[in-house]
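Step one of this worksheet: look at the structure below.
Nothing in this text is a laboratory measurement; each read-out follows from the coordinates by a stated rule. As the structure is a computational prediction, the values presented were derived from the model and not from experiment. All Cβ positions, even for glycine, are placed from backbone atoms using ideal geometry, and neighbour counts span all protein chains on display.
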Amino acid sequence: MSDNAVDQGKRTWLIATSCAGAVGGVATAVPFVSTFAPSERAKAAGAAVEVDISALKPGEKMTVEWRGKPVWIVRRTPEQVDNLSKHDNELADPLSERKAYPIPEYAKNEWRSIKKEYLVVIGVCTHLGCSPSDKFAAGPQPSLPDDWPGGFLCPCHGSTFDMAARVFKNKPAPDNLEVPPHMYLADTKLLIGEDKKA
């Protein structure tokens, strides 16, 4: 037997084992790579959320989840809406002009919403991501000023927000609470996560 014949046998063996190894590697990689595709739950987490607000009474709040964050829908009383302009000089950004995050055009007003009666905001403090508490009643209360107009208090570091979720001056929170994209599908039906421009 010649040396050339032995080398040919080794070469065939190397090619065969390399091919088998490559097939095994691909078979192993396919399930692994498929885990990078988003799951149905992940797709749904980013999807728009439809909300029925017909049972929400003036002065009440409901919370829904959108993209893993709490979205508050507050039905303000006529008095709460009327009081919004009375403390603009105490707010850090009364007209929502800061650009920390995109603010929909329909929220660049003193009530920060499409309809004056309804506030729709992400319930996450812009300071360190805590969730503020409801302090809708006006007047003196613990941890709040004597002339408190009603709104939200972040208990972690004392940031306060009015009934339009606008932050008061000299507080740790640098910005107003974020307004998510939203639109009305009907008078009492909201779609959170999409608006007409989307």
Aspartates and glutamates whose Cα lies under 19 Å from that of LYS69, excluding same-chain neighbours fewer than 8 positions away:
GLU40, GLU50, ASP52, ASP134, ASP175, GLU178, GLU194, ASP195
Using the structure shown, select from LYS116/LYS169; LYS86/LYS196; LYS171/LYS196 the pairs with a Cα to Cα distance greater than 28 angstrom.
LYS86/LYS196; LYS171/LYS196
When the charge dipole of the range 109-183 is computed with +1 at the Cβ of Lys and Arg and -1 at the Cβ of Asp and Glu, the Cα pointing farthest to the positive end, of CYS125, MET183, PRO155, is that of MET183
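Explain nothing, just the number: dipole magnitude of the range 43-192 about its Cα centre with +1 on each Lys and Arg Cβ and -1 on each Asp and Glu Cβ, in debye rounded to the nearest 20.
380 debye
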If each K or R counts +1 and each D or E counts -1, the residues other than SER96 whose Cβ falls under 14 Å of its Cβ total -3
Would you compute, for the Cα atoms of the range 43-192, the largest minus smallest coordinate along each principal axis and list the three values in descending order, in whole Å?
42, 31, 26
Give me the net charge for the shell around PHE136: Cβ to Cβ below 13 angstrom, other residues only, Lys and Arg +1, Asp and Glu -1.
+1
Which value in nm describes the separation of the simple spin-label points at ASP82 and GLU97, placed 7 Å from the Cα toward the beta carbon?
2.9 nm
Other residues with Cβ under 13 Å from the Cβ of PRO58 give, with Lys and Arg +1 and Asp and Glu -1, a net charge of +2
